Amino acid sequence: MEKSALYHRPDSEMAYLYTKDDFHIRLRTKHDDVQKVELLYGDPYGLKVNEKAQGSWDYQLKAMNLVAATKTHDYWQASVSMPLRRLQYAFHVYGRDGEEVFYDDRHICSYSQAAIDNLAAFRMPYFHEIDRIAPPTWVKKTVWYQIFPERFANGDKANDPKGTLPWDSVEPTPTNFFGGDLQGIIDHLDYLKDLGINGLYLCPIFYAHSNHKYDTIDYLAIDPAFGDKATFKKLVDEAHARGIRVMLDAVFNHLGDTSMQWQDVIQKGKGSHFADWFHIKKFPVSYEKTANNELAQNITYDVFANTPHMPKLNTANPQVQDFLLEIATYWIKQFDIDAWRLDVANEIDHHFWRRFYQATHALKPDFYVLGEVWHSAQEWLSSHEFDAAMNYPYTELISECFVKKTLTASEMVSALNEQLMLYRRQTNEVMFNAMDTHDTARLLTLCQGDQQLQKQILTFMFLQIGAPCLYYGTEVGMAGGYDPDCRACMIWDPARQDQQMLQFIKQLVHFRRNYATVLSQGKLIWKLVDDRTGMIIVQRKLGQQQITAIFNHSQQQQSLSQVKDQILFSQGWQQATNTLDAEGFMILK
């Protein structure tokens, strides 16, 4: 047995309260190296007394289940409940080579009674409900729809900014405007409801200079080109009346350079009241322009990326913290928003995010905080900072397999399982899964216009643990490369919409909504992953409820055994010959 591969970390994603009374314990071992694992567990103070009146630990045994496998590791899990809400535990590991070891907090040794008697157990001293990671349950049943407001719909031409172009008259650029606004979103809420959407994620709507609004001027004002606060209040109320939650985009990493605070720094230098609101290395602030307006050299202050127009806020400054927390709570108190998506969340200190989480949840206990983190988000999701992260590492693996073909099916599944094991189960259930966003090329473009492949990928993604999100226009066949091409005007002319894609997306969204419980909380079982044939069979199971999906990842038609289950929907299924076309799939109940 490869003992160096044994790994457990208490009070982490490997040992945590899932519900109030259900404690999950995971153990990592080398892949295919261990035959079985038994958990020894009990009360730290529980003793059984023998005939000599000597006490020994009174423990129970529980078989651990193999819940995930990667190319390098296996993950085992067990759930226990302790009446007195305190726990100590250790592991009895059975190697495939016949070796048995005992693993506790201080030892990995040969399994024996002496090892148990010399126990230095892993411990969870007390199950504190206040420490349990408890994301809002409503997110598990949510299908999100992301809107870039300037490009969704022009509902009020009276607020069009100067130079607004006719809708979809030219290609999008970083600087042109088409008049999209809040009224345009209100006008299409029934469209979203019919689509099956029950979560609306809006890119920034606050007063800003650009068309993307990530260079905020005033967080407490709606951008005049989008409407006013009365319009936004109507949007939230109308969305809520249709069962749709609303998530706003919080850009707290940086301000726009036309903001009052930064302009004061430019004018007054060190004497500005806001001088310490930013990370300034040298006064007066300056930078050297390049041919690209978004790139500069020799910037004397910290910024987002390399753009001189987005000076970075100093969130360690208590004044900045109070300023941003006032904004975060204002939009909850005054407009009853349901969630914040946090832009560039990984570049802001943990101290601030802990205050942010506490302030928002004090107002609304089921509030959802979503962080933009493109890499492992363990540091933010293991404590009360974010409820979830934008799950780019997970969905990019799907793209690497299905689109880029740089991963085999088994390599993808291995990496997906590894991602799932980074987080607690309740966190995985509310992660934000999207195949494309305003920061990526659109999925149909990545698929090189292959609509069948896009449908296959979206179906695969909708079957995963976590809350799926559609980027506006995906449902009507919109394509587009990276920014600014991915931010084109929504197509509203039915003659230009892909009506077949629209009907498919409706079917997919309603499927996810109808089976939300098993798809968000059920076991994820990879029944078959065959790199030779390209066949992937994945099962989602919760109690007696079961959904099975078959995907043909290859470029050839594949034969199947007789299908006896009810087919909910499919693509490329040839019933007469029991075959599944390339890029085909079947969803079975």
**Asked** What pairs come up if the first residue lies in segment 189-206 and is of a type in the set (Gly, Ala, Ser), the second is open to solvent by 10 Å² or more (accessible area, probe 1.4 Å), and their beta carbons are under 7 Å apart, counting only those six or more places apart or on different chains?
**Response** Gly196/Lys506; Gly196/His510; Gly196/Arg513; Gly199/Arg245
**Message:** Any residue that is more than 21 Å from Leu524 (Cβ to Cβ), under 32 Å from the mean Cα position of the chain (by Cα) and assigned to a strand (DSSP E or B) - is there at least one of those in segment 22-30?
**Reply:** yes
**Request:** Restrict the check to segment 541-552 and report whether at least one residue is more than 22 Å from Gln426 (Cβ to Cβ) and modelled with pLDDT under 95.
**Result:** yes
**Request:** Quick one: which strands (runs of 3 or more DSSP E) lie wholly within segment 48-119 and hold at least 2 residues that are among the hydrophobic types (A, V, I, L, M, F, W, C) and surrounded by 17 or more Cβ atoms within 10 Å (Cβ to Cβ)?
**Result:** 65-69, 73-80, 87-95, 100-103
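Quick one: count up the residues across segment 418-438 that are in a loop (DSSP other than H, G, I, E, B) and either farther than 13 Å from Tyr394 by Cα or under 13 Å from the mean Cα position of the chain (by Cα) (or both). Reasoning before the result, please.
Kept after step one, since they are in a loop (DSSP other than H, G, I, E, B), are these residues of segment 418-438: 421-424, 429-431, 435-438.
Cutting the leftovers down to either farther than 13 Å from Tyr394 by Cα or under 13 Å from the mean Cα position of the chain (by Cα) (or both) gives us 422-424, 429-431, 435-438.
So the answer is 10.
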**Message:** Here's a check for you: in segment 253-285, which residue that is assigned to a loop (DSSP other than H, G, I, E, B) and in contact with a Leu (Cβ under 9 Å, 6 or more places away or on another chain) is most open to solvent (accessible area, probe 1.4 Å)?
**Reply:** His279
**Answer from Lys193, Lys140, Lys157, Lys162 - the residue that is touching a Ser or Thr at 6+ places or on another chain (Cβ under 7 Å) and basic (Lys, Arg)** = Lys140
**Request:** Check Ala339 against each of (1) within 21 Å of the chain's Cα centre (by Cα); (2) within 25 Å of Phe283 (Cα to Cα); (3) open to solvent by less than 10 Å² (accessible area, probe 1.4 Å) and name the one condition it does not meet.
**Result:** (2)
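Test of understanding: among Ser56, Ser81, which residue is touching a helix residue (DSSP H, G or I) at 6+ places or on another chain (Cβ under 8 Å) and either small (Gly, Ala, Ser) or modelled with pLDDT under 95 (or both)?
Ser56
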**Message:** Out of everything in segment 132-168 that is within 23 Å of the chain's Cα centre (by Cα) and open to solvent by 40 Å² or more (accessible area, probe 1.4 Å), what residue ends up being farthest from Asp439 (Cα to Cα)?
**Reply:** Arg132
**Prompt:** under 27 Å from Thr406 (Cβ atoms), touching a His at 6+ places or on another chain (Cβ under 8 Å) and in contact (Cβ under 8 Å) with a residue 40 or more places away in the chain: does that describe Gly572?
**Reply:** no
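Considering only residues of segment 259-268 that are touching a strand residue (DSSP E or B) at 6+ places or on another chain (Cβ under 9 Å) and not aromatic (Phe, Trp, Tyr), which is nearest to Ala208 (Cα to Cα)? Can you show your working first?
Applying the first criterion (touching a strand residue (DSSP E or B) at 6+ places or on another chain (Cβ under 9 Å)) to segment 259-268 yields 259-262, 265.
Next, only the ones that are not aromatic (Phe, Trp, Tyr) stay: 259-261, 265.
Numbers: Ser259: 8, Met260: 11, Gln261: 13, Val265: 18 Å.
The qualifying residue nearest to Ala208 (Cα to Cα) is Ser259.
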**Prompt:** What is the number of the single condition among (1) open to solvent by less than 20 Å² (accessible area, probe 1.4 Å); (2) under 20 Å from the mean Cα position of the chain (by Cα) that Pro393 does not meet?
**Reply:** (1)
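Residues of segment 286-322 being farther than 26 Å from Asp439 by Cβ, without any contact (Cβ under 8 Å) to a residue 40 or more places away in the chain and open to solvent by 30 Å² or more (accessible area, probe 1.4 Å), which ones? Step through it out loud before you land on a result.
Keep residues of segment 286-322 that are farther than 26 Å from Asp439 by Cβ, which gives 286, 288, 298, 300, 316-319, 321-322.
Pick out the ones that are also without any contact (Cβ under 8 Å) to a residue 40 or more places away in the chain and you get 286, 288, 298, 300, 316, 318, 321-322.
Ser286, Glu288, Asn298, Ala316, Pro318, Asp322, listed by residue number.
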**Prompt:** Quick one: which strands (runs of 3 or more DSSP E) sit completely within segment 170-236 and have at least 3 residues that are crowded, with 22+ Cβ neighbours inside 10 Å?
**Reply:** 199-202
**Prompt:** Quick one: what pairs do we get from segment 331-359, first residue assigned to a helix (DSSP H, G or I), second of a type in the set (A, V, I, L, M, F, W, C) and surrounded by fewer than 16 Cβ atoms within 10 Å (Cβ to Cβ), C-beta under 6 Å, 6+ apart or different chains?
**Reply:** Ile332/Leu363
**Message:** Residue under question is Lys527, and the condition is that it be surrounded by fewer than 19 Cβ atoms within 10 Å (Cβ to Cβ), farther than 25 Å from Asp450 by Cβ and out of contact with any helix residue (DSSP H, G or I) (no Cβ under 8 Å at 6 or more places or on another chain); does it hold?
**Reply:** yes
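The values are calculated or read from the model by the stated rules, or taken from the named source; none is laboratory data. Not measured: the values here are computed from a predicted model. Counting neighbours? That spans all protein chains shown, and the Cβs are built from the backbone with ideal geometry, glycine included. Remember, those area values only see protein heavy atoms, side chains included, never the ligands or the DNA or RNA. Shrake-Rupley method; radii C 1.70, N 1.55, O 1.52, S 1.80 Å.
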